[in-house]
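Worksheet: the structure to be examined is printed underneath.
Values quoted throughout were computed directly from the atomic coordinates according to the rules given, and no laboratory measurement underlies them. All values reported here derive from a predicted model rather than from experimental measurement. Cβ atoms come from the backbone with ideal geometry, glycine included; neighbour counts cover every protein chain shown.
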Amino acid sequence: MRHFTFEEAERVFLKAAELRPRYPSIVGIGLGGDERQAGSAPFAALYAEAAKAGLRLTNHAGETTGPEAIWEALAIGSERIGHAFSAIQDSALVQELKVRSTALELNPTSNVRTGVCASFAGHPLRRYFDAGLLVTLNSDDPAFFGSDVANEYLLAHTIQGFSRRELRQLAANSIRASFLPESAKTAWLSRIDSTQ
């Protein structure tokens, strides 16, 4: 969490790297919290060490800050970007996210409830999807924001007009963006494909 000290983050990252060989369920690290407290650049060396230890890299960026925060998250090796709300403001960034196939963990209801987005209808989910980005639909914190994943899918359908086929694509994107082994991804994707 960005609102804790760098030293606290370092302890967590190093502990995750230390425990990874013994506990394969530890698969990644990430930065969360209010990006206005700290950018991603101060954590570059920790991200590099985590990657060398085999950990996957996630990062919340572009929720309460502009597209420059997403560029910064990419620069330190982030594989998945949480929120990425402001990416829509930078067409070069949207293209870069597409070229890299960077997974975007979108949280429309959370963004509405925190005030960074005026409405679910105004969220860039549809525009990102139509631009061919690897978008996933998430609830962020169901207890806090009052919406679970099923509700996010319902709202995507009823408010942003996602078809059943497109909802399946969002579900498939979630599997592709996961840090599961490729064999597990293939098995899950075949289940999604079989529902068509």
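Taking K and R as +1 and D and E as -1, what net charge do the other residues with C-beta under 12 Å from the C-beta of residue 173 add up to? It would help to have the intermediate numbers written out before the result.
Numbers: positive: 80, 168, 176, 185; negative: 105, 166.
Net charge in that neighbourhood comes out at +2.
By the rule of a C-alpha distance below 17 Å, with chain neighbours fewer than 8 residues away ignored, the aspartates and glutamates paired with residue 52 are 10, 18, 79. In this structure the amide hydrogen of residue 31, modeled in the peptide plane, comes within under 5 Å of the amide hydrogens of 58, 59, 60, none closer than 5 places in sequence on its chain. If the chain linking residue 119 and residue 10 were pulled fully straight, counting 0.36 nm for each residue of separation and taking away their Cα-Cα distance, it would gain 35.6 nm.
In deg cm²/dmol and to the nearest 500, what is the mean residue ellipticity at 222 nm of the chain if only DSSP H runs of at least 4 residues count, each as -39500 (n - 2.57), divided by the residue total?
Details: 10 runs with 96 residues, N = 196.
Counting only the DSSP helices, I get -14000 deg cm²/dmol.
Prolate is the label for segment 11-108. Its Cα gyration tensor axes, ordered a ≥ b ≥ c, give a/c of at least 1.5 and a/b above b/c.
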